Amino acid sequence: MAQTATIYNLDIDLADIDRGVYEKLELRIARQPSETIEYMLMRVFAYCLEYGEGIELTEGVAAGNEPAVLIRDLTGRITAWIEVGMPDADRLHRGIKLAGRAAVYTHRDARKLMAQLSSAGVQRLADVPVFAFDANVVDEVAGLLERRSELALSVTEREFYLHIAGRSFTTTIVEHRVTSS
């Protein structure tokens, strides 16, 4: 029998001071059987840090040719292609061509990802910011995440603050850009 997705209900108090976004979000997110909780958590973080009109979470690893997060305009056209983890250069190239804007949020080894993307020789990857999170913080938060959780998330000047299950975490979001090899 095939495994089914596990549903998480997350109440998030979002304060993105850098962008002037203050929202109370009620996310219902499906974690696919083949998806790590850390990957799902990065989808949530990417969603929060890109939050705006037209944003949607896809099915994550089960989304096929779609990224972790999409942003569409009122006509339905994709305007931002947001990947998570260690996407390959071809997916990012497809996303930037389709949407005009792409970004990556990762908790994986950013140096390895940057080397992989740099050696791909794909045009416009220098336009794609890669936002790296401290993997230890992501792992700790993932260990606290329950199927029903409340999170308070704020970001200011690339400092990421998170409160969950009575614990607080702080990390710097480090932005990387692909350089030609």
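Within region 102-141, restricting attention to residues that are buried (at least 17 other Cβ atoms within 10 Å of the Cβ) and assigned to a loop (DSSP other than H, G, I, E, B), which residue is farthest from the chain's Cα centre (by Cα)? By that ranking, first place goes to Val122.
Within region 62-93, the set of residues being free of Cβ contacts under 8 Å to residues at least 24 places away in the same chain and part of a helix (DSSP H, G or I) comprises Ala63 only.
Arg91 meets all of the listed conditions (1) surrounded by 18 or more Cβ atoms within 10 Å (Cβ to Cβ); (2) under 19 Å from Glu50 (Cβ atoms); (3) not β-branched (Val, Ile, Thr) but one, namely (1). Scanning region 30-55 for residues that are among the charged types (D, E, K, R) and modelled with pLDDT of 95 or more yields a total of 4. Candidates Ala115, Ala126: the one that is out of contact with any helix residue (DSSP H, G or I) (no Cβ under 9 Å at 6 or more places or on another chain) and either within 15 Å of His163 (Cα to Cα) or free of Cβ contacts under 8 Å to residues at least 12 places away in the same chain (or both) is Ala115.
Checking each residue in region 142-175 for being at pLDDT below 95 and outside any loop (DSSP other than H, G, I, E, B) picks out no residue at all.
Of the residues Glu66, Glu83, only one is surrounded by fewer than 21 Cβ atoms within 10 Å (Cβ to Cβ) and either closer than 17 Å to Glu35 by Cα or among the aliphatic types (A, V, I, L, M) (or both); which? Before the answer, list the steps.
Numbers: Glu83 fails: surrounded by fewer than 21 Cβ atoms within 10 Å (Cβ to Cβ).
Of Glu66, Glu83, the one residue that is surrounded by fewer than 21 Cβ atoms within 10 Å (Cβ to Cβ) and either closer than 17 Å to Glu35 by Cα or among the aliphatic types (A, V, I, L, M) (or both) is Glu66.
The values are calculated or read from the model by the stated rules, or taken from the named source; none is laboratory data. On a predicted model such as this, the values are computed, not experimentally measured, just so you know. Neighbour counts are summed over all protein chains in view; Cβ atoms, including those assigned to glycine, are modelled from backbone coordinates with ideal geometry.
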